[in-house]
1. Would you confirm, using the coordinates I've provided, whether Gln161 is more than 13 Å from the chain's Cα centre (by Cα), under 14 Å from Ser100 (Cβ atoms) and not assigned by TED's automatic domain parsing to the domain that holds Val227?
2. Within segment 187-201, count every residue that is out of contact with any Asp or Glu (no Cβ under 8 Å at 6 or more places or on another chain) and either at pLDDT 95 or above or among the hydrophobic types (A, V, I, L, M, F, W, C) (or both).
3. Run Glu19 past the list (1) closer than 17 Å to Met178 by Cβ; (2) modelled with pLDDT of 95 or more; (3) not assigned by TED's automatic domain parsing to the domain that holds Pro85 and report the number of the one that doesn't hold.
4. Kindly indicate whether Leu177 is of a type in the set (A, V, I, L, M) and part of a helix (DSSP H, G or I).
5. Taking interchain pairs and intrachain pairs at least six residues apart, which have beta carbon atoms under 8 angstrom, with the first residue in segment 77-88 and free of Cβ contacts under 8 Å to residues at least 60 places away in the same chain and the second assigned to a helix (DSSP H, G or I)?
6. Would you please list the contacts, defined by Cβ atoms under 7 Å and residues six or more apart or on different chains, that run from a residue in segment 240-253 that is closer than 11 Å to Leu221 by Cα to a residue that is among the hydroxyl-bearing types (Ser, Thr, Tyr)?
7. Specify which of the listed residues (Arg167, Arg162) is modelled with pLDDT of 90 or more, over 25 Å from Ile20 (Cβ atoms), of a type outside the set (Gly, Ala, Ser) and in contact with a helix residue (DSSP H, G or I) (Cβ under 6 Å, 6 or more places away or on another chain).
8. Mind checking which residues of segment 97-149 are aliphatic (A, V, I, L, M) and at pLDDT below 70?
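The values are calculated or read from the model by the stated rules, or taken from the named source; none is laboratory data. The structure displayed is predicted, hence computed values, not measured ones. Every residue, glycine as well, gets a Cβ built from its backbone with ideal geometry; the counts of neighbours run over all protein chains shown.
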Amino acid sequence: MTDTGTTASTGTTTAGTIEISGVGRTYTRGSKTVQALTGVDLSIRQGEFITLFGPSGCGKSTLLRLIAGLDTQTTGDISVFGTTPKKASQRKDIAWIPQSSALLPWLDIKANASLSSVINKRADRGATTRRPEDAVGILSEVGLGDFLSSRPDQLSGGMRQRASIARGFAQGAPLMLMDEPFSALDELTRDTLRIRLLELWEHHKKTIVFVTHSAMEAVLLSDRVVVMSPRPGRIREVVDVDLPRPRTWELTETPEFTAKVAQVKQILWSAWEGDE
């Protein structure tokens, strides 16, 4: 049975930061109807690192956009901190980190990472906003302390993505949604940023929902891996990653890590083959 939000020790249901119940998303394109998601149920607890894993077109990014309030489900319900995703976004509870760094090219890295502080100062005083965190401190945590005055075009792709991640953490939002942020980077840079991200997460205690098509990345980062089946996207199985933390690169060389990656891949292969 798929575990969508239970404690490992007792099996009892826990209150989630994110509650997803019976969610489906259907798009109409001309005369064609495309069912991107169907029957998605998931509970995500506060402080968890959750990965949505699956092949292209399985609805991972669609589900992430629904949680972010950037799209609206056709069926079912989504609750983020007890309210709708759009309201949670309006009160600055959600930070979004896309595939590309999306930095403003005319601002230096310090100014880019501090954007949320500037925006919040200009916001309606009656609105509920999150207090931004120390952008300079977080930039230093990701190794960019010596590049605060550099513009994005003066940095490598990996450095720009580090700045993007720092900006997300600096927003002060308790929930971070990350849509394949390392997919366009070379292998060595990806490996480095995975460890940097884990260090940030362990320090700042955020809830993270992370999209990837890499089983290794999913296992390295996550508390639980949500394996999704091909379209229409649904949750095939939720895998507990019962590996020790804090996680380092040495963990990837252990038999336990290799076995967990193989387990996640096998679930996906079974979904492709239609095994029930």
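1. Against the criterion (more than 13 Å from the chain's Cα centre (by Cα), under 14 Å from Ser100 (Cβ atoms) and not assigned by TED's automatic domain parsing to the domain that holds Val227), Gln161 qualifies.
2. So the count comes out to 6.
3. (1)
4. So Leu177 fails the test.
5. What qualifies is Pro85/Leu66; Pro85/Ile67; Pro85/Ala68.
6. As it stands, the answer is Val241/Ser222, since those pairs meet every condition given.
7. Result of the check over Arg167, Arg162: Arg167.
8. Hits for segment 97-149 are Val118, Ile119, Ala123, Ala127.
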